[in-house]
Structure formats: C-alpha cells, structure tokens
Amino acid sequence: MTQPESIQEALIRIEILAFFQANPHTRDTAYGLASRLHRSPQGIQKACDTLVNLGILQTNNNGKNQIYRLKNGEYIIEFYKKNKTIDLVLNMENSRAQKGFDTTGGNLS
C-alpha cells in the first residue's frame, strides 16, 4: 500500500465515523454507505471491516449482505479527541455542505 492509498483509506474511515456519529441508529450495507458518502463500495467495505476489527462498528449478516451499525458512539468521540481529528472532520463536512451535499451524502442542489 502506498502512502496516498493509506491516506485515502484513513479519510474514508473518518467519513464513516462522522456519518455514524451524526446518525448513530443507522444500519446499512457497504453499498448503501457508499451511496450516501459518494465513495466506492469496495473502499467502504474495506474501511468498515477495519472499523469492525477495531470494535467501533458491528456487523450482522441478513443472508445476502453484511449490515454495519455503530457499536459504541462514545468510543468515536474518544477516538476524535485522542487523535485530534475532529477539526478535520468538521472542516470536511463544512466543505461538503458548501458544495451542495448534505451530511447524509445526498445532493442538495
């Protein structure tokens, strides 16, 4: 993995964390999250699997798809504080809103 790929993967994980922090009761597939976040399903799947391994997300299988959900919202807040990434996430969300996207990934235009 090259450095730009690892940065891209980290950004996807941050976007997923920000999404679940804003929508803590959401349950969705990698494909659904990819649609909301305007990312590839493969990138979302890889990032979600990493977050499951870290204990941040939980997964259930409905027979066809993996369904992801937040395991512990307080853990995300602690992660942001510890890694000082909250400002980065807030800046990303503000930038997305200014470009016409809402926080759930839909286009406001």
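Please treat every number below as a calculation from the coordinates, not as lab data. Since we're looking at a predicted model, the values are computed, not measured. FYI the Cβ positions are ideal-geometry reconstructions off the backbone, even for glycines, and counts take in every protein chain you see.
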For this session: Those residues that are within 10 Å of the chain's Cα centre (by Cα) and part of a strand (DSSP E or B), I need them from region 5-43; list them, please.
Result: none
For this session: Return only the number of the condition from (1) touching a helix residue (DSSP H, G or I) at 6+ places or on another chain (Cβ under 8 Å); (2) touching a residue at least 12 places away in the same chain (Cβ under 8 Å) that Ser40 does not satisfy.
Result: (2)
For this session: Mind listing whichever residues of region 29-54 are surrounded by 20 or more Cβ atoms within 10 Å (Cβ to Cβ), within 16 Å of Gln66 (Cα to Cα) and of a type outside the set (Gly, Ala, Ser)?
Result: Leu33, Ile44, Cys48, Leu51
Exercise. Identify, please: which residue in region 44-60 is among the aliphatic types (A, V, I, L, M) and part of a loop (DSSP other than H, G, I, E, B) and is, among those, farthest from Asn72 (Cα to Cα)?
Worked result: Leu54
